[in-house]
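Trainee: Here it is: the structure, laid out below.
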Amino acid sequence: MRPVLRLYYMPRTRSSRVLWLLSEIDAPCELVKLAPEQRQSVEHLARHPLGRVPALELDDGTVVFESAAICLQLADLHPRPEHDRQRRDVRQLERDVAGEARIHETRG
């Protein structure tokens, strides 16, 4: 049995992106719904220094945050051959955006 991931989330946030993907890939995941006041708790700030959601805890204790980064991590953990081209396109776009951000920082 594959180790279970743990997603810390709140409704009506970008957590919905991750919840949708988890449903699509049928990945086992423990869902931990946070109340708004829990986002600034010591426990959650240890997971996400800004106290935001979503935050995905991997089986080794590593925490990934930011919904796009979590979705990319889930795609890596649950690859599907029929999605290889789309994954390449996303990775390329990701690199292009990162490069553009650096150009604007240096010209800023």
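The values are calculated or read from the model by the stated rules, or taken from the named source; none is laboratory data. None of these values were measured; they are calculated from a predicted model. Counting neighbours? That spans all protein chains shown, and the Cβs are built from the backbone with ideal geometry, glycine included.
Trainee: Determine, yes or no, whether Asp84 is modelled with pLDDT of 70 or more, surrounded by 10 or more Cβ atoms within 10 Å (Cβ to Cβ), assigned to a helix (DSSP H, G or I) and not assigned by TED's automatic domain parsing to the domain that holds Leu21. Outline the logic, then answer.
Mentor: Working: modelled with pLDDT of 70 or more: yes; surrounded by 10 or more Cβ atoms within 10 Å (Cβ to Cβ): yes; assigned to a helix (DSSP H, G or I): yes; not assigned by TED's automatic domain parsing to the domain that holds Leu21: yes.
Yes; evaluated as a whole, the condition is true for this residue.
Trainee: Among the residues of region 14-47, which ones are in contact (Cβ under 8 Å) with a residue 40 or more places away in the chain and in a loop (DSSP other than H, G, I, E, B)?
Mentor: If the condition is that a residue be in contact (Cβ under 8 Å) with a residue 40 or more places away in the chain and in a loop (DSSP other than H, G, I, E, B), then Arg14, Ala27 are the ones that fit.
Trainee: Please go through region 53-64 and pick out each residue that is out of contact with any Pro (no Cβ under 7 Å at 6 or more places or on another chain) and either touching a residue at least 12 places away in the same chain (Cβ under 8 Å) or of a type in the set (S, T, N, Q) (or both).
Mentor: Narrowing region 53-64 to residues out of contact with any Pro (no Cβ under 7 Å at 6 or more places or on another chain): 53-58, 60-64.
Listed by number, the residues that qualify are Val53, Pro54, Ala55, Leu56, Glu57, Leu58, Thr62, Val63.
Trainee: When you go through (1) surrounded by fewer than 11 Cβ atoms within 10 Å (Cβ to Cβ); (2) among the acidic types (Asp, Glu); (3) in contact with a strand residue (DSSP E or B) (Cβ under 7 Å, 6 or more places away or on another chain) one by one for Asp60, which number turns out not to apply?
Mentor: That leaves (3) as the condition not met.
Trainee: Return a yes/no flag: does region 16-33 have any residue that is exposed (fewer than 10 other Cβ atoms within 10 Å of the Cβ), more than 29 Å from Arg88 (Cβ to Cβ) and hydrophobic (A, V, I, L, M, F, W, C). Full working, then the answer.
Mentor: First, pick out the residues of region 16-33 that are exposed (fewer than 10 other Cβ atoms within 10 Å of the Cβ): 26.
This time we only want the ones that are more than 29 Å from Arg88 (Cβ to Cβ), so: none.
Within region 16-33 (the criterion being exposed (fewer than 10 other Cβ atoms within 10 Å of the Cβ), more than 29 Å from Arg88 (Cβ to Cβ) and hydrophobic (A, V, I, L, M, F, W, C)), the answer is no, since none of the residues qualifies.
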